[in-house]
1. Jot down the radius of gyration and Dmax of the chain, Cα atoms only, both in angstrom.
2. Choose one answer from Gly29, Gly317, Gly247: the residue with the largest mean-square fluctuation in a GNM of the chain with alpha-carbon springs under 10 Å.
3. For the stretch 45-114, which whole-number percentage of the solvent-accessible area (1.4 Å probe, protein heavy atoms only) is attributable to carbon and sulfur atoms?
4. Which order do the peptides 186-193, 229-236 come out in when sorted by mean C-beta neighbours inside 10 angstrom, highest first?
5. Apply the membrane-span-like helix rule to the chain: whole DSSP H runs, Cα extent along the own long axis of at least 18 Å, mean Kyte-Doolittle hydropathy at least -1.0. List the helices found.
6. Going highest first, how would you order 2-9, 196-203 by mean Cβ packing within 10 Å?
7. For Leu305 and Arg27, what is the calculated FRET efficiency with R₀ set at 56 Å and r taken between the beta-carbons, to the nearest 0.05?
8. Counting only Cα, what are the radius of gyration and maximum Cα-Cα distance Dmax of the stretch 292-365, in Å?
Amino acid sequence: MRKVGVWFIGARGSVATTATIGAAAVRAGVLPAQGCVIESPDFPGGLVPIAGLLFGGHDITEVPLRKRAEQLSKAGVVPAGLPGLLDQDLDAADAEIRPGHVSGDNTQATAAARLADDIADFRDRHRLARVVVVNVSSTEPPAAPRPEFQSLADLEERLAAGDEVLPTSSLYAYAAFRAGCGYVEFTPSTGPVLPALAELAELRAVPYAGRDGKTGETLVKSALAPMFAQRSLGVRSWSGLNLLGGGDGATLADPAARASKALSKDRAVAGILGTPVEGETHIDYVEDLGEWKTAWDHVTFEGFLGVRMSLQFTWQGCDSALAAPLVLDLARLVARAHERGRYGVLADLGFFFKDPLGTDEHALAAQYSRLRAFAEDLAGDAS
């Protein structure tokens, strides 16, 4: 069986832990791969199966995966008894987690070399043809522009001088590209979007995709907004309130980090409708919600003869359970693209993201059609 490595940034967080134990459960035949898009019966093949995934990663916390899985089980995210049943799988993945980067510990150039070596060592020890690095760590504030972001040569000159110039997510993307690995930016953080890093990805012939996984409210928006456009109903306002618990919610309690998330969540509606719409998304941290989130949206629109109407919807879900199968899909798609010689930004994977890189398409059905065509191309390459 072909093997693909999945290297998580934030490997002991909720999403990575859920993905790791979920993949183990599917491999053991305990549970089906519900929520994995590419496991649909009619989806094009040619991708490594979930059973062919090996997990490792970086994290700055030392809480073992087994303990984290037990916490998620108590929260209702992971079925009761599953962590105990799959403890060997969790321990094996936990043994592959290395210390993440903490700002100030050493220079970014030294850190990048160490992070890249960790990834390469994982690949070499397990004789993996491909490793995909997936960032599921905490959301960062938007990065301020810097001249050295425009050129790889300028960026590496600054790094060699010992300067701290890269956002942490971009440092991990830089290390992944240096190691010759594909990269997925599943958070709203800057990650690989800097021109200097796009240049490095082209130079190393590695693919990347992102950003900000589309798991809840924005998923619904990207399905509903085309309905208004196609029926020629004038949307006048679209406002949303998101209530989040867990680590993601705690991170987004910081106004600077929240700004990154709000920007990506508000792009879909205007992008689909083609005009700015009054209203915005508000994000509040509610500790009592734990691993769960609630989103409430209020839409006003205008129909024939100027009649004013409205739509409201409520979305309640578990973010980790919604995100984990998408992470498994993305790792396999990016690995296959890399295997088939694709590199640079993979705009065809926009279906999975709120703020898709390389494309302005936000309508869910159109994104899915493009994803299927891409998967068919990859499957055809195998013949």
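The values are calculated or read from the model by the stated rules, or taken from the named source; none is laboratory data. These numbers come from a predicted model, not from an experiment. Every residue, glycine as well, gets a Cβ built from its backbone with ideal geometry; the counts of neighbours run over all protein chains shown. With ligands, DNA and RNA removed, areas are computed over all heavy atoms of the protein, side chains included. Shrake-Rupley method; radii C 1.70, N 1.55, O 1.52, S 1.80 Å.
1. 20.5, 68
2. Gly29
3. Ligands and nucleic acids excluded, carbon and sulfur reach 54 percent.
4. Top of the packing list down: 186-193, 229-236.
5. Span-like helices in the chain: 14-27, 108-125, 217-230, 255-273, 319-339, 364-381.
6. Ranking, from highest mean packing down: 2-9, 196-203.
7. 0.45
8. 17.8, 55
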